[in-house]
Amino acid sequence: MPAGTNNAANVLIVGVGGQGIIRCSKILAEVVVCSGLDVKKSEIHGLSQRGGSVTSHVRWGEQVFTPVIPEGQADVLLAMEELEALRYAHVVRPDGVIYVNDFSILPRTVISGDADYPQDIDGQLRQYAEVRRIPATEIARELGDVRMSNVALLGSLSQSLDFPTDVWIDVISESFPEKFVEPNCNAFRTGATFKPAEAGG
Amino acid sequence: PGCGHTAVFHILKELKLAVNGDIGCYGLAALPPYDMTDSVICMGGGMTLNQGFAKVAALRENARPAVGVVGDSTFFHSGLTGVANMVYNKTPSTVLILDNRTTAMTGHQPNPTSGNKIGGEASPPLDIGEICRALGVKHVHEVDATDIDRLKEIVEQETQRDEPSVLVVRERCVMVERGRSGPVYQILDTCKECKLCLRLGCPAVSIDDGRIHIVDYLCEGCGLCANVCSFDAIVPKQESK
């Protein structure tokens with residue numbers, strides 16, 4: 001992972017309320033804590049939690065002073081949804097990486113015919129940074145529950161970070177009720193071994 | 001839909017009422033597809049502003065009826081004074097108190113209707129309807145937000161009345177009290193694609209390549225979509241599990 005400003009690593013996690021963005025950021029932050037680093041996070045919750053645009057900033061390093069990632073300084077953008085990736089693409093640094101779930105959720109105004117969903121999202125994202133498209137929702141569906149999309153995508157993110165797999169698995173195991181632990185660990189491992197095709201650019 | 005109180009705004013829109021809203025989550029009804037909030041000032045502002053609307057409407061023929069909308073939490077914050085004012089000044093205003101037993105807009109803090117304090121300790125839930133009666137409102141109705149026909153009938157009746165009236169509209173917040181209220185619904189092939197159900201703003205009703213469908217895992221089982229469908233094309237799904 002490239003070091004961000006002030007040597008802090010910056011990951012911005014975004015998606016549509018209900019997709020598990022906050023859970024993702026909690027797991028990531030916990031993994032960082034277990035690795036003995038300072039971590040700060042800041043998120044949108046409350047009214048956005050069903051269907052709204054949700055973001056969670058996670059920053060870590062030797063010492064982090066503020067939880068909000070400045071524009072253009074995120075090392076990684078982890079997007080659970082395509083349009084949300086586009087909405088926050090400007091936060092990624094030019095040599096950063098955008099992980100985008102191969103999944104779109106139509107906003108109400110698109111469904112009602114009052115607006116259009118953006119076209120060629122990959123093309124637009126590539127103007128900001130490298131794009132890695134991950135079929136996280138498909139992975140989760142094949143493993144039996146689409147609600148694990150977030151953990152599958154987190155698995156992909158782990159490819160870019162230096163934290164040991166054991167730590168990830170330990171934290172995930174503590175994050176879910178007993179019966180969801182094994183499926184989520186599987187989702188994580190599948191995401192962690194998925195090789196994204198070069199999205200070009 | 002995700003939010004059971006959505007039905008209220010569906011009805012207010014059908015009845016073409018003016019809506020004096022407030023800053024709770026029901027203020028989001030100002031956004032598409034409802035566009036059903038005409039004013040938002042502050043907590044308790046909708047129901048008090050509506051008293052001005054009611055006074056002006058009383059002076060004009062064919063005035064568009066208006067309602068004030070407030071949530072349960074806001075009601076306890078700054079709504080009781082508005083009800084007292086409405087009764088004291090004999091204002092023929094109609095107030096809808098949307099009671100979801102939580103403070104949803106700011107992150108689900110408990111409030112006097114919730115039945116517990118913020119630390120989880122049990123606490124007596126206050127009865128909004130009884131409080132309004134005690135304040136002197138003669139026409140107080142308690143209605144379930146999912147009982148669409150009755151809700152519509154009472155809103156129509158009370159907005160015509162020349163005395164103060166209150167509707168306490170009750171439905172859980174699906175983000176706090178989890179679990180479906182009924183079966184998952186599905187759309188049959190007899191769908192005429194009129195798209196009326198899409199205008200409900202329900203997160204579960206979606207469209208893919210022109211085909212309208214209900215997303216299983218988002219459906220709360222409230223049946224509002226089935227209620228608005230003119231072609232009986234939305235029915236409960238037979239649960240296989």
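Details
- For chain B, the longest principal axis of the C-alpha atoms and the axis of helix B:45-59 are separated by about 70°.
- Among A:Leu83, A:Leu161, A:Leu28, residue whose mean-square fluctuation peaks in a GNM of chain A (springs only between Cα atoms under 10 Å): A:Leu161
- Global geometry of region A:96-153, whether rounded, prolate or oblate, following the gyration tensor of its Cα atoms and the 1.5 cut on a/c: oblate
- For the protein assembly as shown, convex hull of alpha carbons as volume per residue, Å³: 165 Å³
- When shorter helices are ignored and each DSSP H run of at least 4 residues is given -39500 (n - 2.57), the per-residue value for the protein assembly as shown at 222 nm works out to -9000 deg cm²/dmol.
- In order through region B:121-138: 3J(HN,Hα) via Karplus (6.51 cos²θ - 1.76 cosθ + 1.60), integer Hz, x for Gly, Pro: 5, 4, 8, x, x, 7, 9, 4, x, 5, 5, 5, 5, 5, 7, x, 6, 7
- Here r is the Cβ-Cβ distance between B:Ala30 and A:Asp38 and R0 is 45 Å; the resulting FRET efficiency, rounded to 0.05, is 0.65.
- Angle in degrees between helix B:148-159 and the longest Cα principal axis of chain B, rounded to the nearest 10: 30 degrees
- Amide H contacts of A:Ile105: A:Glu82, A:Leu83, each under 5 Å away and 5 or more positions distant or on a separate chain (H built 1.01 Å from N in the peptide plane; Pro and chain starts excluded).
- Taking amide H as placed 1.01 Å from N in the peptide plane, A:Gly15 has its amide H under 5 Å from the amide H of A:Val54, A:Met80, each at least 5 places away in sequence or on another chain.
- Taking other C-beta atoms within 10 angstrom as a stand-in for reagent exposure, A:Ile172, A:Ile69 fall in the order A:Ile172, A:Ile69, fewest first.
- Charged side chains reduced to their Cβ positions (Lys and Arg at +1, Asp and Glu at -1) give region B:128-241 a dipole of some 180 debye around its Cα centre.
- Residues whose amide H falls under 5 Å from that of B:Gln186, counting only those 5 or more places apart or on a different chain, are B:Val235, B:Lys237, with hydrogens built in the peptide plane.
- Annotated for chain B: lysine pairs at least 8 residues apart or interchain, Cα distance under 14 Å, count 4.
- Normalised by the number of residues in region A:64-201, the average gap of Cα pairs under 8 Å and 6 or more apart makes the relative contact order 22 percent.
- Relative contact order of region B:121-241, defined on C-alpha pairs under 8 angstrom at six or more residues apart (%): 24 percent
- A Cβ-based charge dipole, computed about the Cα centre of region B:1-80 with Lys and Arg at +1 and Asp and Glu at -1, lands at about 200 debye.
- Model label sites at A:Gln159 and B:Asp127, defined 7 Å from Cα along the beta-carbon direction, differ in position by 6.1 nm.
- Options A:Thr109, A:Gln73, A:Ser175, ranked by Cα towards positive dipole end of chain A, top entry (Cβ charges): A:Thr109
- Separation of alpha-carbon centers, region A:39-116 and region B:47-121, rounded to whole Å: 36 Å
- Remark: the Cα gyration tensor places chain B in the oblate category, a/c being 1.5 or greater and a/b not exceeding b/c.
- A crude spin-label estimate for the pair A:Phe65 and A:Asp120, with each label 7 Å from Cα along the Cβ direction, gives 4.2 nm.
- Neighbouring Cβ atoms from other chains, within 10 Å of the Cβ of residues in A:104-114, number 5 on average.
- Looking at region B:97-143, the GluC sites (Glu not before Pro) that sit in a DSSP loop and have at most 13 other Cβ atoms within 10 Å of their own Cβ are B:Glu121.
- Restricting region B:147-241 to GluC sites (Glu not before Pro) that sit in a DSSP loop and have at most 10 other Cβ atoms within 10 Å of their own Cβ leaves B:Glu239.
- When the alpha carbon gyration tensor of chain A is reduced to an equivalent ellipsoid, the three semi-axes, largest first, read 24, 21, 16 Å.
- Sparse packing (at most 12 other Cβ atoms within 10 Å of the Cβ) combined with a DSSP loop state is found for the following chymotrypsin sites (Phe, Trp or Tyr not before Pro) in region A:27-112: A:Phe65.
Values quoted throughout were computed directly from the atomic coordinates according to the rules given, and no laboratory measurement underlies them. Every value quoted in this text rests on a predicted model; they were computed, and no experiment measured them. In this analysis, Cβ positions are derived from the backbone assuming ideal geometry, glycine residues included, and neighbour counts consider all displayed protein chains.
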